[in-house]
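One structure is given below, encoded as structure tokens.
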Amino acid sequence: MSKEQFQIDNTDGPKLTRAWVLHPDIKSDHTRREAGYALAEAVSLAHALPNLEVMGETVVPLPKPHAGKLFGKGKIQELHDTFEVAEIELVLIDGPVTPVQQRNLEKDWGVKVLDRTGLILEIFSDRAATREGVLQVEMAALSYQRTRLVRAWTHLERQRGGLGFVGGPGETQIEADRRAIDDQLVRLKRQLEKVVKTRALHRAARAKIPYPIVALVGYTNAGKSTLFNKLTGADVMAKDMLFATLDPTMRRLVLPDGPEVIMSDTVGFISDLPTELVAAFRATLEEVLAADIICHVRDISHPQTEEQSADVIEIMKVLGVEQDRPTFEVWNKVDVLDADEADAVQARADRDDMIFATSAVTGAGVDPLLAAIAEALQGALMSEDLVLPFSDGRKRAWLFQEDVVQSEAQTEDGFEIEVRWSGKQKAQFAAL
């Protein structure tokens with residue numbers, strides 16, 4: 001294979017980093033995913049960064065990982081020759097790589113190496129838009145980077161400290177780097193505490209609004225943002241790209257023959273979620289934790305939709321999202337199935353009241369989903385009789401403001417009021 005086969009025309013745009021994606025298929029790992037799909041997802045992750053040009057991709061079968069260099073000597077030399085011909089600058093390894101393995105591979109190959117965690121952190125640092133999202137991702141990136149301070153060598157430019165694992169020169173001593181990162185972490189934590197206090201005030205203000213919250217969750221690229229746009233008329237970024245949406249978006253939606261709700265679009269999940277990002281995910285999922293109804297959006301056309309669904313459920317458990325509220329499964333993207341497959345999916349969905357086959361692009365199946373959400377919210381309302389003394393004028397005014405009063409009668413002791421409200425409103429009333 002000659003260098004000419006790897007030449008790219010990039011005269012009109014910024015310089016791209018030439019990258020190669022490797023997926024180690026470790027036979028001793030009984031929890032490993034199917035190699036072809038895992039590699040395809042890793043390549044999609046790489047394409048999510050605008051400054052990378054993926055020049056090739058390879059599945060590397062491994063009986064077990066080698067402690068010092070991950071791969072065997074022969075495979076390392078074979079890959080070295082491939083990277084040299086293709087003039088590769090960055091190798092993305094779809095899996096965990098220890099600092100020692102990273103250092104040795106970079107030395108043998110003469111390129112920079114980034115593992116799965118580093119790549120996802122890089123994507124998040126490129127996409128985070130809200131102040132809290134930026135701070136959370138920067139803290140996660142620094143915590144990850146701190147563990148990878150290893151003695152470097154003179155023939156490679158290294159980036160240590162701050163974001164931007166992919167490029168940029170700069171080399172300092174390990175001890176100075178570690179102190180600088182620790183100082184940055186302390187500073188970021190202080191900034192984050194201030195932002196969290198502000199968000200808490202906003203959340204408290206939203207709690208006074210009587211609208212229930214409906215949250216969309218799911219695997220990245222399952223079509224959540226497209227569905228969100230279809231339902232609410234919003235213009236949230238929706239692309240065939242992993243992590244197209246990072247920061248949560250909320251819009252008001254009037255359900256047909258039902259109540260008004262707040263619809264929340266959240267960041268997509270992914271398998272092998274880096275532990276450094278759990279805190280960042282938790283911050284963006286505050287609305288899910290408080291949601292009245294959860295819609296789990298699945299790409300039903302994906303060959304590994306069941307595995308993706310299991311990943312989402314497991315991550316939600318880790319993040320503390322309790323399964324104690326109505327949860328609808330939204331089997332999205334039926335429009336990309338052939339007719340027979342679409343009919344089979346629809347038949348399976350029809351057998352379960354909590355499953356809906358939809359197409360966020362065409363709108364198919366959306367109306368029955370909205371009707372079910374409205375019915376579930378109405379079913380969550382309860383009637384109750386209250387007796388308020390005349391001195392509780394503030395509580396009485398709150399009930400009318402919430403529009404939960406069904407009838408009222410005045411007695412010698414005060415007001416007898418019949419209300420129909422949700423458990424959330426009842427808790428808010430008790431806290432007045």
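The values are calculated or read from the model by the stated rules, or taken from the named source; none is laboratory data. Being a predicted model, the structure only gives us computed values, none of them experimental. Heads up, the Cβs are rebuilt from the backbone with ideal geometry, glycines too, and the neighbour counts pull from every protein chain shown. All accessible areas refer to the heavy atoms of the entire protein, side chains included, with ligands and DNA or RNA removed. Shrake-Rupley method; radii C 1.70, N 1.55, O 1.52, S 1.80 Å.
Per-structure values
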read-out: Test set (1) at pLDDT 85 or above; (2) open to solvent by less than 50 Å² (accessible area, probe 1.4 Å) - Lys230 fails condition number; value: (2)
read-out: Answer from Val330, Val321, Val361 - the residue that is open to solvent by less than 40 Å² (accessible area, probe 1.4 Å), outside any helix (DSSP H, G or I) and at pLDDT 90 or above; value: Val330
read-out: Matching option when the condition is at pLDDT 65 or above and either in a loop (DSSP other than H, G, I, E, B) or closer than 24 Å to Ser301 by Cβ (or both), among Leu201, Leu216, Leu242; value: Leu216
read-out: Region 375-400, residues that are part of a helix (DSSP H, G or I), surrounded by fewer than 17 Cβ atoms within 10 Å (Cβ to Cβ) and of a type in the set (A, V, I, L, M); value: Ala397
read-out: Unique match (being surrounded by fewer than 19 Cβ atoms within 10 Å (Cβ to Cβ), in contact with a Phe, Trp or Tyr (Cβ under 6 Å, 6 or more places away or on another chain) and free of Cβ contacts under 8 Å to residues at least 60 places away in the same chain) among His66, His80; value: His80
read-out: Residue count for region 83-118, restricted to those that are under 23 Å from Lys64 (Cβ atoms) and part of a helix (DSSP H, G or I); value: 14
read-out: In region 18-46, the residues that are part of a strand (DSSP E or B) and open to solvent by less than 30 Å² (accessible area, probe 1.4 Å); value: Arg18, Ala19, Trp20, Val21, Leu22, His23, Pro24, Asp25
read-out: Condition met for Arg394 (charged (D, E, K, R) and out of contact with any strand residue (DSSP E or B) (no Cβ under 9 Å at 6 or more places or on another chain)); value: yes
